[in-house]
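Heads up, the thing below is written out as structure tokens.
Values in this text are rule-based calculations from the coordinates and carry no lab data. Keep in mind it's a predicted model, so treat the numbers as computed, not measured. Here Cβ is always computed from backbone atoms with ideal geometry, including for glycine, and neighbour counts include all displayed protein chains.
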Amino acid sequence: MSDETKVKAPYICGALTELSLDYRDAVKEFYVRLGDVCEEILGVRGFVPHEHYDPIKNADIEDALVYEAERHTVTRQTTLLIVYAIEPSWGAGIEVGWANEHEVPIVVLVPKPKKVSRLLTGGRMVQEVLQVFDEKHAELCLKAFLYEFNELAKNELVRERENKEIDDAGKGLDKAEKPDSTDTPS
């Protein structure tokens, strides 16, 4: 399936490799729930990287393959990067950089009282930074954000269609107004 025909989806991003093993399992479950929230609100499930490239279960996948696959997913198949800034993460930082470079909107969920680098939150594609109290609150805040994000996307599609119709109508007028060279008196 080509990138043009593949349905784009939100991408869930956050620390994983850097977390202790006991904490990692709970965080992975939370990332899965965030992916499910995307499906509930947007009708398309969020891409959850560990379901494809888990650093423990899929340790045999070459590093370069993981890099290229995730870069491709973020830069060509992602509608929204959802960052859960629970801990600093090299991988998440790279994914945020890709999203900023390729004009993929970003929302950052930050558990209170954590602080996040202004380098991350100051990116031009960061739409919102949501301070959350716990995972349940994060899910609720994400739902509210996704409702608004979805409405804005729908409105943008309507504007694009209207503009295309206006452009197409204008092209039709241009052709109708141009005199035929055979009609010009000599």
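Based on the inverse mean of 1/r over its pairs of different Cα atoms, what is the Kirkwood hydrodynamic radius of segment 15-145, in Å?
Hydrodynamic radius (Kirkwood, Cα only) of segment 15-145 equals 15.1 Å.
Assuming a viscosity of 1.306 mPa s and a temperature of 10 °C, what translational diffusion coefficient in µm² per second does Stokes-Einstein assign to segment 1-72, Rh being the Kirkwood radius over Cα pairs?
For these conditions, the coefficient is 119 µm²/s.
Compute the length gained on full extension between Val129 and Leu152: take 0.36 nm times their separation in residues and subtract their Cα-Cα distance, giving the result in nm to one decimal.
Length gained between Val129 and Leu152: 6.5 nm.
Net charge near Met125: determine it from the other residues with C-beta under 12 Å of the C-beta of Met125, scoring Lys and Arg +1 and Asp and Glu -1.
-3
Between Tyr67 and Lys171, what's the calculated FRET efficiency when r is the beta-carbon distance and R0 is 30 Å? Round to 0.05.
0.10
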